[in-house]
Amino acid sequence: MFSGIVERVGTAEGVERVASGTRLKIRSDFERDPAAGESVAVNGVCLTVERASSGVFEAVVVGETLRRTTLGSLEVGSRVNLGRAVRIGDPLGGHWVQGHVDAVATLGAVSRDAADVRVEIEIPPAFRRYVAEKGSLAVDGVSLTVAAARETSAVVALVPYTLSHTIASEYAPGGRVNLEVDIVARYLEKLLEARGYFNEAAGVASAAGRTR
């Protein structure tokens with residue numbers, strides 16, 4: 001599990017096609033190199049470190065992950081958000097993020113509002129019901145608060161710190177980002193569905209199916 005707080009912005013130093021997918025070499029410059037087997041979120045995707053030394057770690061991204069995330073478009077020199085898994089005792093500054101990307105979303109309008117930058121994210125239809133104003137979304141691994149929930153999109157506000165400590169400063173209309181909805185919303189939906197409060201097919205609450 002991750003907290004949605006980016007620890008470092010890393011750089012792809014190697015992108016090598018291998019039989020199982022793509023091997024990434026990422027310069028992280030963490031204070032301590034991650035150990036083999038440790039989980040690191042790369043643009044919100046949980047990857048397992050195979051080896052690391054001198055500030056660079058390697059991980060293999062399998063074909064399924066390449067197809068379902070933006071990692072397949074990384075090139076040498078690409079900048080990436082990095083975060084380590086949360087440990088007991090660590091502060092939880094964002095929200096629970098699994099590192100399991102739900103969808104690749106497209107960026108809409110990007111506008112400046114006072115000191116903030118507002119970014120509109122087009123939400124794929126299957127995930128719109130999980131988006132709520134003042135709720136949380138993980139965008140490229142960054143825990144962000146939904147400033148406005150619209151019919152087909154969500155607007156998030158990026159404060160100066162986020163812009164300077166993540167890859168969000170590179171966002172532009174038409175860009176693609178990894179999106180993970182709040183796992184709490186998923187569990188709540190499943191619970192309501194099991195108790196007959198929710199019709200999965202219709203995507204609406206059902207009073208008729210209530211049970212005690």
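The values are calculated or read from the model by the stated rules, or taken from the named source; none is laboratory data. Owing to the predicted nature of the structure, the values given are computational and were not obtained by experimental measurement. Glycine also receives a Cβ, built like all others from the backbone with ideal geometry; neighbour counts cover every protein chain displayed.
For the reader, a short list of remarks on this structure follows.
A quick yes/no check of all residues on (1) under 15 Å from the mean Cα position of the chain (by Cα); (2) in the same structural domain as I167 (by TED's automatic domain parsing); (3) on the phi > 0 side of the Ramachandran plot:
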| site | (1), (2), (3) |
| --- | --- |
| V40 | yes, no, no |
| V45 | yes, no, no |
| V60 | no, no, no |
| G89 | no, no, yes |
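- Qualifying residue in the stretch 161-182 (condition: over 30 Å from L66 (Cβ atoms) and at pLDDT 90 or above): yes
- Strands (runs of 3 or more DSSP E) contained entirely in the stretch 12-121, each with at least 3 residues that are buried (at least 16 other Cβ atoms within 10 Å of the Cβ): 21-27, 39-42, 45-48, 56-62, 79-84, 103-113
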